[in-house]
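Below you'll find the structure, written out as structure tokens, and then a few comments.
The values are calculated or read from the model by the stated rules, or taken from the named source; none is laboratory data. Please read these numbers as outputs of a predicted model, since none were measured by experiment. Cβ: placed from backbone, ideal geometry, glycine included. Neighbour counts: every protein chain shown. Areas reflect the complete protein model, heavy atoms only, side chains present, ligands, DNA and RNA absent. Shrake-Rupley method; radii C 1.70, N 1.55, O 1.52, S 1.80 Å.
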Amino acid sequence: SAVISQKPSRDICQRGTSLTIQCQVDSQVTMMFWYRQQPGQSLTLIATANQGSEATYESGFVIDKFPISRPNLTFSTLTVSNMSPEDSSIYLCSTWTGGTDTQYFGPGTRLTVL
Amino acid sequence: GENVEQHPSTLSVQEGDSAVIKCTYSDSASNYFPWYKQELGKRPQLIIDIRSNVGEKKDQRIAVTLNKTAKHFSLHITETQPEDSAVYFCAARSFSGSARQLTFGSGTQLTVLP
């Protein structure tokens, strides 16, 4: 299994500011995924991050709003830029370990935008 | 892209009874169907999964069935216990370009009444 950690676990931010969320995996992985879970809702994929290439964004999500870095095979960051109250959500990173289909999730970052 | 529908959105059962949650998917190329349990404030945890070459899989009190022809799969929990109370998400894996990604259903809030 993969052990995934995220920082920060939660934050309260002001409108118009940006927050960078860090995701660390205990093993090298090819792909890392970033999801958003709005209050009481399901998980929506924001983007897929491959090491050494640009992230692939899903419909409705753009790089200017959610820039992603993937500097190595164990780490990724997601930035939520120019935040508004509508960005208040839980953001989760996810990956699977090589050779299996099982996808694991980090503990999530609970973001509240005032 | 893939679309996953999940029913019911809420389900209440008496302790000891069975619970069934159903999902349908749209992409006939999807080949992997996991189920996640998410307790309040926690990350989604995989509880069981099934691949498209298998019709049924069981793990103690939990079972999943898959009907590829009808494109639906179901989660069955027998002898429910209060600790089974949580939100359950089904998902289907499809391929987008070179990425494997999960599309989630909308979730089912299961309440087991003591």
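Just wondering, is there one or more residues in region A:30-53 that are more than 9 Å from chain B (Cβ to nearest Cβ), part of a loop (DSSP other than H, G, I, E, B) and open to solvent by less than 50 Å² (accessible area, probe 1.4 Å)? No, the conditions are met nowhere in region A:30-53. Taken together, B:L40, B:L46 contain a single residue that is touching a residue at least 12 places away in the same chain (Cβ under 8 Å), assigned to a loop (DSSP other than H, G, I, E, B) and under 19 Å from A:F105 (Cβ atoms), which is B:L40. Here region A:79-114 is the region considered, the condition is being on the phi > 0 side of the Ramachandran plot and in contact with a Ser or Thr (Cβ under 8 Å, 6 or more places away or on another chain), and the residue that is farthest from the other protein chains (Cβ to nearest Cβ) is A:N82.
Each row is one residue, and each column tells you yes or no for (1) crowded, with 17+ Cβ neighbours inside 10 Å; (2) at pLDDT 95 or above.
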| site | (1), (2) |
| --- | --- |
| B:P8 | no, yes |
| B:G55 | no, no |
| B:L75 | yes, yes |
| B:S106 | no, yes |
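Taken over region A:54-69, residues that are open to solvent by less than 40 Å² (accessible area, probe 1.4 Å) and over 11 Å from the mean Cα position of the chain (by Cα) amount to 2.
Could you check, for region A:32-49, whether at least one of its residues is more than 28 Å from B:C90 (Cβ to Cβ) and at pLDDT 95 or above? Within region A:32-49 (the criterion being more than 28 Å from B:C90 (Cβ to Cβ) and at pLDDT 95 or above), the answer is no, since none of the residues qualifies.
Does A:I21 satisfy the condition of being among the hydrophobic types (A, V, I, L, M, F, W, C) and assigned to a loop (DSSP other than H, G, I, E, B)? So A:I21 fails the test. What's the total number of residues in region A:71-84 that are farther than 13 Å from A:I46 by Cβ and either in a loop (DSSP other than H, G, I, E, B) or open to solvent by less than 20 Å² (accessible area, probe 1.4 Å) (or both)? So the count comes out to 5.
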